[in-house]
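Trainee: What follows is a structure written as structure tokens; I'll ask about it next.
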Amino acid sequence: MLARASRAVTAFENAPLVSVIMPVHNGMATLDRAVRSVRAQTFGDWELLIVDDGSTDGSAEAVAAWAAADPRIRPIRNAENRGPGAARNHGLRAARGEFIAYLDCDDEYDPQYLEHVARLRDKGDVLVFGYDFVHEDGRTTRWRPEENRHRMFATNIVVPLGIAHRREWIETLGGFNELASPDEDWDFVKRLARAGARFAFLPLTSGRYYIRSASRSRKPRLLPWQREAMERNWRAGKPIYEDPTAKVVAETVRKIAFASPHCLIDCTSGAAIATLQALRFLNTLGFTCEAFCGSQLDAPEDADFDEVLASQDSPYETRTVRIGSYEARMTFTLQGDVPVTIFQSGSTRGRWSNREEAEAFLAAFGTFLDKNRPETIVTYGGSPVAKAMVRAAKGRDIPIVFWLHNFSYQDAAAFMSVDYVVVPSDFSREYHWDKLGLACHTLANVIDAQRVMVAEAKATYVTFVNPDPNKGVYVFARIAEQLARRRPDIPILVVEGRSRSRSIQQTGLDLSWATSFNEMSNTPDPRDFYAVTKLLLMPSLWNESFGLVAAEAMLNGIPVLASNRGALPETVGDAGFLFPIPDCYTPATRTVPTAEEVEPWLETVIRLWEVPKLYEHWSRTAQRRAQRWLPEQLAPVYRQFFRAVFPQPGPPVIPKPLA
């Protein structure tokens, strides 16, 4: 735990013991009830700071009248509506009491509340009281702090009505985060806990919290100035909630864990390959990385997971572990220097055998968290079980970094419980901002040269990897058909990935006659095909988030011919060849382009094949550009980002502004 705040505070002459802060925005309907509940206290050594937050209904005049009637009431006025966090901060800056208490203008105190605060103030730095919910139909239910104390980081367990704290902690934490609407109060309580404040959960009540229709959903809707500030933060590459009024007391991250139902050792998944490389890279930067994952693979058919493990060039051990009544097969392996724990489910296609199996997986993950205590979780995947893993980590106050490798998410719901979203390209960053209001950070994929660099190349083939409709198999089929007819001396290689080579047949083009056509099964070692590749084709029809295969090929000096979809122009740049594909061809279409439409691809392949000096120029150019993805180039960026990871007060999503 961090050191407690200094007890040295500024002394105020004739300062009251308790300062009560009340934000008001158009609160005429309930203001008198709230103020009367303060004046009715059995303890009288208090001051009430009423902060009118740009009201237009006469609240400011009512506050002035109350101040004239009682010198303990101090009026404060904001010229414009800034939100409850800003209003409370205005009050905090003026508060003189040893203890701070809060009261919204539509709630009310019990008569003995401030007496309890004064009498019990030595019990802790933060006193947490219960309160009564008053429902719109008149029913009353009681919230009891002692029953909820262990859920502080999992859910918002208390409203400001039930909180009193020493004023000195404001010097350590600053005030409320004014951008964290509507959970600025929850964020403030969590920051108090992280900073080491002593909490006392008391079996007493503070007052009555009136439930309003408008407060039930607590949907994050922002004032225009808040949205503008969050957008400025995003454009500057900062977390969107960065607010100078709220100090962050954080320790440097050292332990990082990957967690997902998706298997990390999946050679059919570009996301898994990129993430594992990143974890191994982070280990070299002084972090300690490990993983807990399921056995879900990207391959379309169920696979024998024991065969998958056997194909890995790493030792592993599988044990049977009882989790409740469920017998789980747990595999422990080492991928380079990254320990990986794998829960083997009944299917590698993401289906759980039954609810018991999914619950056992989550229980095993909880044990992993409690035993290894990671300081940051890296994850991806949007299934219900993946979301449950995120909630389990967040309930332990572990920040979540979601590594977003594709464009398959159509709304921001999958990211509402995470702290950061990382994407591998600026194209992806801009795309997700425009489409989902999702604020992402760009971390380019790091390339492990030892994993992909070929010692001895035999540049033989024009290669296409992963014959999938998304990757442009219909475009490739026409290129291959035309190339085989015109230049049968130029050999073609199809490397299986998530999709199998039979996808070529499904395009409707018969290439059985093509003597130059060759196939390679999926391989965990990409050097197998880079060693024999002279040119790489990437006619992708979907938005590539980075183009890892293109980057790896370029590092090997292999010129890349690619479509201009997604981030491929950003990755290939001016070190390769980019071709526009008519908009009518999408991942959903099942149409082979015409020979005329692929002619520029054919001309470029033939020209590079026939002119050695031209090929050598583009080979060197590609290799030079690829240096930017080597570990030594990306080390400062990765180190700076992961050292500063900290739980955020809300999701990385910009909601709609207030109407």
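Where a number appears in this text, it was derived from the coordinates with a stated rule and is not lab data. This structure is a prediction, so every number in the text was calculated from the model and none was measured. In this analysis, Cβ positions are derived from the backbone assuming ideal geometry, glycine residues included, and neighbour counts consider all displayed protein chains.
Trainee: Say each of Asp122 and Gln410 gets a label point 7 Å from the Cα, pointing the same way as Cα to Cβ; how far apart are those two points in nm?
Mentor: Going by the 7 Å Cα→Cβ label model, 6.3 nm.
Trainee: If each of Met520 and Gln505 carries a label point 7 Å out from its Cα toward its Cβ, how far apart are those two points in nm?
Mentor: In this crude spin-label approximation the distance works out to 2.3 nm.
Trainee: Give me Asp52, Asp468, Asp106 sorted ascending by neighbouring Cβ count inside 10 Å, so fewest comes first.
Mentor: Neighbour counts put them in this order, fewest first: Asp106, Asp468, Asp52.
Trainee: Please compute the modelled spin-label separation between Ala65 and Arg322, points set 7 Å along Cα→Cβ, answer in nm with one decimal.
Mentor: 7.3 nm
Trainee: Something else: What percent do you get for the relative contact order of the chain when only Cα pairs under 8 Å and 6+ apart count?
Mentor: Value for the chain: 11 percent.
Trainee: Here is a further query. Please give the FRET efficiency for Glu115 paired with Arg149, using the beta carbon to beta carbon distance and R0 = 41 Å, rounded to the nearest 0.05.
Mentor: After rounding, the FRET efficiency stands at 0.95.
Trainee: Counting only DSSP beta bridges with both residues in the stretch 18-218, tell me the antiparallel percent, nearest 5.
Mentor: The antiparallel fraction comes to roughly 35 percent.
Trainee: Please give the contour-minus-distance gain from Asn283 to Glu430: 0.36 nm per residue of separation, less the Cα-Cα distance, rounded to one decimal in nm.
Mentor: 50.0 nm
Trainee: Turning to a different aspect of this structure: Label the stretch 451-634 by shape, choosing from rounded, prolate and oblate, from the square roots a ≥ b ≥ c of the eigenvalues of the Cα gyration tensor; if a/c is under 1.5 it is rounded, and otherwise prolate applies when a/b is larger than b/c, oblate when it is not.
Mentor: Rounded.
Trainee: Could you calculate the contour length gain from Thr460 to Met330, that is, 0.36 nm times the residue separation minus the distance between their Cα atoms, to one decimal place in nm?
Mentor: 42.6 nm
Trainee: Would the stretch 18-218 count as rounded, prolate or oblate if I go by the C-alpha gyration tensor, calling it rounded below 1.5 in a/c and otherwise prolate when a/b exceeds b/c, oblate otherwise?
Mentor: Since a/c stays below 1.5, the shape of the stretch 18-218 is classed as rounded.
Trainee: Please find the FRET efficiency linking Phe133 to Arg198, where r is the Cβ-Cβ separation and R0 is fixed at 30 Å, and quote it to the nearest 0.05.
Mentor: 0.65
Trainee: Between Ala79 and Ala644, what FRET efficiency comes out of the Förster formula 1/(1 + (r/R0)^6) with R0 = 41 Å and r the beta carbon distance, rounded to 0.05?
Mentor: Using R0 = 41 Å, I get an efficiency of 0.75.
Trainee: Exposed loop GluC sites (Glu not before Pro) only (DSSP loop, at most 11 other Cβ atoms within 10 Å): please give the longest stretch of the chain free of them, not including the sites.
Mentor: 302-455
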